[in-house]
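The values are calculated or read from the model by the stated rules, or taken from the named source; none is laboratory data. What you are looking at is a predicted structure, and each value in this text was computed from that prediction instead of being measured. Here the Cβ positions follow ideal geometry from the backbone for every residue, glycine too, while neighbour counts run over all protein chains shown. Areas reflect the complete protein model, heavy atoms only, side chains present, ligands, DNA and RNA absent. Shrake-Rupley method; radii C 1.70, N 1.55, O 1.52, S 1.80 Å.
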Amino acid sequence: MTRIARLYGASLYDLAAAEKLEERIGEQMGQIRTLFLENPLYVKLLSQPSIPLPQRKEMIEDAFGGQAERYLINFLKLLCDRGLLREYPECCEEFTRRFDGDHNIA
């Protein structure tokens, strides 16, 4: 796991835990991760520098805006802003690792 994924995944977990949304966001992260794995061309499209950044962020909003927690949508947009969407699966792993540790899950 990269240092970036650990940092971003842990930061999202800390925010989710502070808002008492860690279980809900963790569940939604897993669902989005599955969607990304099943549709790798979508992730590639969101990473295309030839598509203006505002348009890519709008695509995230259109796809997940009505279904996912706002914190998670903003997290995806942040990863898109910084060209780090490829780190999303490992961010999910770090989020899960932190959740499991806090809830005594082996």
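Observations, loosely collected:
- Beta carbons closer than 6 Å, at least 6 apart along the sequence or on distinct chains, never pair a first residue in the range 2-13 that is touching a residue at least 40 places away in the same chain (Cβ under 8 Å) with a second that is among the aliphatic types (A, V, I, L, M) and open to solvent by 20 Å² or more (accessible area, probe 1.4 Å).
- Residue 102 passes every criterion in (1) under 13 Å from the mean Cα position of the chain (by Cα); (2) open to solvent by 40 Å² or more (accessible area, probe 1.4 Å); (3) within 19 Å of residue 20 (Cα to Cα) apart from (1).
- Any hit, the range 61-76, residues being in contact with an Asp or Glu (Cβ under 8 Å, 6 or more places away or on another chain), modelled with pLDDT of 95 or more, farther than 14 Å from residue 25 by Cα and in a helix (DSSP H, G or I): no
- Note on the range 59-72: among residues that are over 14 Å from residue 36 (Cα atoms) and among the aliphatic types (A, V, I, L, M), the one that is most open to solvent (accessible area, probe 1.4 Å) is 68.
- Flag if residue 101 is in contact (Cβ under 8 Å) with a residue 24 or more places away in the chain and either in a helix (DSSP H, G or I) or not aliphatic (A, V, I, L, M) (or both): no
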